Amino acid sequence: MSFKQALSDHGYELVYNNAKGQLSTGIITSNKLLLNKKTLQQFPDLKWIARLGSGMEIIDTAYCDEQGIRYVSSPEGISNSVAEHVMGMLLSLLHHIHSSQNQIHVGQWIREANRGVELEERTVGLIGYGHTGQALAKKLRVFTKNILVYDKYKTGFGDEVVQEVSLEQLQQQADVLSFHVPLNDETRLYYDTAFYSAMSKPHILINSARGGVADTRVILSGLKSGQITGACLDVLEEEKSIDEILKQPANIVQELLKYNVILTPHIAGYSYHAIEKMSAELLAQLQDVF
């Protein structure tokens, strides 16, 4: 059953792009609508907010708590989609699948320069071990037995393949670094100059979490120096103004693509199946409200 159908069955009328001040008892949103205090005050009858996706950075949760507004998200629903997307980007990067395809498009058949590197020989470090971090680790197990995980708020999850480590240990050993954290005051620009400098090895950087987690200028600097040997980026710090940036004759995206980088437009968790899973997850959490 779709979320839309379930809401209708519970007597709700769905209104798209709700006008200011129109009666609303619930709001369904993704990642584009900022529900700050000023916006939420326009809906005095609001009882619940359903966030399609993970992270609550777009919702003023403190105000919701004060007003007794229920808010739920659906991180588990997108976890498999994100994990598959990350694996696709990483394998493509290591084996030059995307770049050699582009060369063939322009009539070049290059073998030697496109020799691949096997993931089996790399140590992968994950920062954050929530739903998505765990989903990725499950898939990585097929390819490598060297998986390091650092999670500030979770312990006791290590096993014979996934090693629970400190941040310093991860920075010393990882060949591949992948972020799976929400965007908040602790994680904003987490990957900055200090973090980059603490990485002992040249490494591949993966960000499928939030653009604001990694400083794009630091990434570009690392690519130029060779300390970052490649990057798989589904999100960018500049994402909110990306349409205007892409119109500029010279821009940060063009600079990134001069190097060994795969960029996708924030679609890692955007599969058809993920939408269905998120709907089911939200419905389960809101049953008591209905």
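Close contacts from the range 185-199, counting a first residue that is closer than 20 Å to ASP60 by Cα and a second that is of a type outside the set (Ser, Thr, Tyr) and surrounded by 14 or more Cβ atoms within 10 Å (Cβ to Cβ), with Cβ to Cβ under 6 Å and a gap of 6+ residues or different chains, come to THR187/VAL181; THR187/VAL213; ARG188/GLY212.
Would it be correct to say that LEU223 is part of a strand (DSSP E or B) and either farther than 20 Å from LYS32 by Cβ or of a type outside the set (D, E, K, R) (or both)? Against the criterion (part of a strand (DSSP E or B) and either farther than 20 Å from LYS32 by Cβ or of a type outside the set (D, E, K, R) (or both)), LEU223 does not qualify.
Of the listed requirements (1) assigned by TED's automatic domain parsing to the domain that holds SER178; (2) within 30 Å of GLN287 (Cβ to Cβ); (3) assigned to a loop (DSSP other than H, G, I, E, B), GLU84 misses just one: (3). When you look at PHE157, is it part of a loop (DSSP other than H, G, I, E, B), modelled with pLDDT under 95 and of a type in the set (Phe, Trp, Tyr), yes or no? So PHE157 passes the test. Scan the range 11-30 and give yes if some residue there is among the aromatic types (Phe, Trp, Tyr), touching a Phe, Trp or Tyr at 6+ places or on another chain (Cβ under 8 Å) and not in a helix (DSSP H, G or I), otherwise no. Within the range 11-30, none of the residues are among the aromatic types (Phe, Trp, Tyr), touching a Phe, Trp or Tyr at 6+ places or on another chain (Cβ under 8 Å) and not in a helix (DSSP H, G or I).
Of everything in the range 31-54 that is assigned to a loop (DSSP other than H, G, I, E, B) and within 20 Å of the chain's Cα centre (by Cα), the residue that is nearest to LYS240 (Cα to Cα) is LYS32.
Can you pull out every residue in the range 126-140 that is in a loop (DSSP other than H, G, I, E, B) and farther than 16 Å from SER73 by Cβ? Across the range 126-140, the qualifying residue is only TYR129. Would you confirm, using the coordinates I've provided, whether ALA231 is under 15 Å from the mean Cα position of the chain (by Cα), touching a residue at least 12 places away in the same chain (Cβ under 8 Å) and in a loop (DSSP other than H, G, I, E, B)? Spelling it out, it is not the case that ALA231 is under 15 Å from the mean Cα position of the chain (by Cα), touching a residue at least 12 places away in the same chain (Cβ under 8 Å) and in a loop (DSSP other than H, G, I, E, B). Number of residues in the range 69-97 that are at pLDDT 95 or above and small (Gly, Ala, Ser) equals 5.
Of all residues being among the β-branched types (Val, Ile, Thr) and touching an Asp or Glu at 6+ places or on another chain (Cβ under 7 Å) in the range 147-199, which is surrounded by the most Cβ atoms within 10 Å (Cβ to Cβ)? Just the residue, please. Only one residue tops the list, namely VAL149.
Restricting ILE78, ILE110, ILE59 to residues that are touching a helix residue (DSSP H, G or I) at 6+ places or on another chain (Cβ under 7 Å), among the β-branched types (Val, Ile, Thr) and touching a residue at least 12 places away in the same chain (Cβ under 8 Å) narrows the list to ILE78.
The values are calculated or read from the model by the stated rules, or taken from the named source; none is laboratory data. These figures come from a predicted structure and were not determined experimentally. Here the Cβ is made from the backbone with ideal geometry for all residues, glycine too, and neighbour counts use every protein chain on show.
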